[in-house]
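One structure below.
The values are calculated or read from the model by the stated rules, or taken from the named source; none is laboratory data. Quick caveat: nothing in here was measured; it's all calculated off a predicted structure. FYI the Cβ positions are ideal-geometry reconstructions off the backbone, even for glycines, and counts take in every protein chain you see.
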Amino acid sequence: MPKLKSNRGAAKRLKTTGTGRIKHYKAFGSHLLTHKTTKRKRNLRGSEILNKQDTKNMKSSFPTYEKERRPNPKWKTRGIRVEGWGEGSAIVKE
C-alpha cells in the first residue's frame, strides 16, 4: 500500500489545532493595501477557524486528519485531582 501523502499546498497554509479544528489565515491582506482602510486591514490580521463544511472538504487533503482526538492513556493524572473552584481550589492526592 502506498504512503498517505498530504496535499503540500494545503499543509503549508492550514494547521490543525489541539482540539482537531483547522486554522487558516485570512485572504486579501498581502498586497494592494494602500486603498484598503485601516479597519479593513486590521480585521484581516490573524487567523480564523475553518467552517464545518470546508473542514469536511479539507479532510481529503489531509489523509491523516482526525476530527476527534482521543486522550493518550499515559496522560492520566495518577491519583491527583483538583477540589474547589478559583482561588479556593486545592490539589489533592488520592
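Residue by residue, here is whether (1) of a type in the set (Val, Ile, Thr); (2) assigned to a loop (DSSP other than H, G, I, E, B); (3) under 18 Å from the mean Cα position of the chain (by Cα) holds:
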{"site": "5", "(1), (2), (3)": "no, yes, no"}
{"site": "10", "(1), (2), (3)": "no, no, yes"}
{"site": "18", "(1), (2), (3)": "no, yes, yes"}
{"site": "24", "(1), (2), (3)": "no, no, yes"}
{"site": "27", "(1), (2), (3)": "no, yes, yes"}
{"site": "32", "(1), (2), (3)": "no, yes, no"}
{"site": "35", "(1), (2), (3)": "no, yes, no"}
{"site": "57", "(1), (2), (3)": "no, no, yes"}
{"site": "62", "(1), (2), (3)": "no, yes, yes"}
Kindly list, by first and then second residue, each pair from a residue in segment 28-39 that is hydrophobic (A, V, I, L, M, F, W, C) to a residue that is in a helix (DSSP H, G or I), limited to pairs with Cβ atoms under 7 Å and residues at least 6 apart or on different chains. 33/41
Pairs only if they're at least six apart or on different chains, beta carbon under 7 angstrom, first in segment 1-20 and surrounded by 10 or more Cβ atoms within 10 Å (Cβ to Cβ), second assigned to a loop (DSSP other than H, G, I, E, B) and hydroxyl-bearing (Ser, Thr, Tyr); list them, first residue then second. 6/61; 7/61; 10/61; 16/65
Candidate set from segment 25-75 (those that are among the β-branched types (Val, Ile, Thr) and modelled with pLDDT under 90); member that is farthest from residue 4 (Cα to Cα): 55
For the structure I just gave you, tell me whether residue 22 is closer than 21 Å to residue 59 by Cα, at pLDDT 85 or above and in contact with a helix residue (DSSP H, G or I) (Cβ under 7 Å, 6 or more places away or on another chain). yes
